[in-house]
Structure formats: structure tokens, C-alpha cells
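A.B. asks: To start, I am sharing the structure in question, which I have written as C-alpha cells.
The values are calculated or read from the model by the stated rules, or taken from the named source; none is laboratory data. Owing to the predicted nature of the structure, the values given are computational and were not obtained by experimental measurement. Cβ placement follows ideal geometry from the backbone for every residue including glycine, while neighbour counts extend to all protein chains displayed.
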Amino acid sequence: MSEPNEGKTYDPFEAWRGVRDASMDAWARAMVDMVRSENYAKASGTMLDAWLTGSAPFREMIEKTMTNALEQLSMPTRADIISLAERLTNIELRLDEMDAKLDRLTERERPEAPPRRPGKEPK
């Protein structure tokens, strides 16, 4: 008779891997359940608010320092680029309005085609 494990070598860590996989699956399910809970969302929101409040002075200091450095290097700041973008948007809107008005004027001034006489085709 042949043994079912005849060509297979014994792995002493196979049971250990099974326990590891089962515990990882249990932890994964527990973490998914925890992350989906309302309490976790509230706690995360509270921690984020606290972090943003605490980091606001540091962020403002970095922005001021960056603005000063850009001005010293004669480079545009974020405010300069935003202002330029707003101006370009306004110019684009005005050009579109002018184009629409010009189209209306040219349609109004376009002469109508003379009436066709029956039996005669235009050349």
C-alpha cells in the first residue's frame, strides 16, 4: 500500500502558518468592523481637527516665509498667480461675449437670398 504523503516532505511550520493565517483573518475582520463604525469616524474627525488646529500657526509661518522668499527672488507668489488667472478668465469671458455679439450682428446684416424662380436652378 502506498502512503498518501509518500512524495511529500514533512513541513514542521505548516500548523504554525495555519494559526498565523487564521489570526490574521480574525484581526482583519475586527479592524474592518472597527473602521466602519460611527465611533471610529468621530474619533478620527476629532483627531484631525486637533491636528489642523495645532498646525495652523506653523502653516501660516511657512506661507509667510515662502512669500517673503519669493518676493526676494522676484518670483510670483500664489496670490499673484491667482490674480493673473482671474484676470485671464475675465478676458476670456469678455472675448466670448464679443464673439457672440459679432455673430448676432453678422447674421442680422447678411442679405437674404433673392427668391428663386420656378424652373430655374442657380448656377
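A.B. asks: Return the residue satisfying two criteria in turn: it lies in region 50-92 and is in a loop (DSSP other than H, G, I, E, B) and on the phi < 0 side of the Ramachandran plot, and of such residues it is modelled with the lowest pLDDT.
C.D. replies: T77
A.B. asks: Now a separate question. Out of all the residues in region 7-17, is one or more of a type in the set (A, V, I, L, M), surrounded by 10 or more Cβ atoms within 10 Å (Cβ to Cβ), assigned to a helix (DSSP H, G or I) and free of Cβ contacts under 8 Å to residues at least 24 places away in the same chain?
C.D. replies: Scanning region 7-17, I find no residue that is of a type in the set (A, V, I, L, M), surrounded by 10 or more Cβ atoms within 10 Å (Cβ to Cβ), assigned to a helix (DSSP H, G or I) and free of Cβ contacts under 8 Å to residues at least 24 places away in the same chain, so the answer is no.
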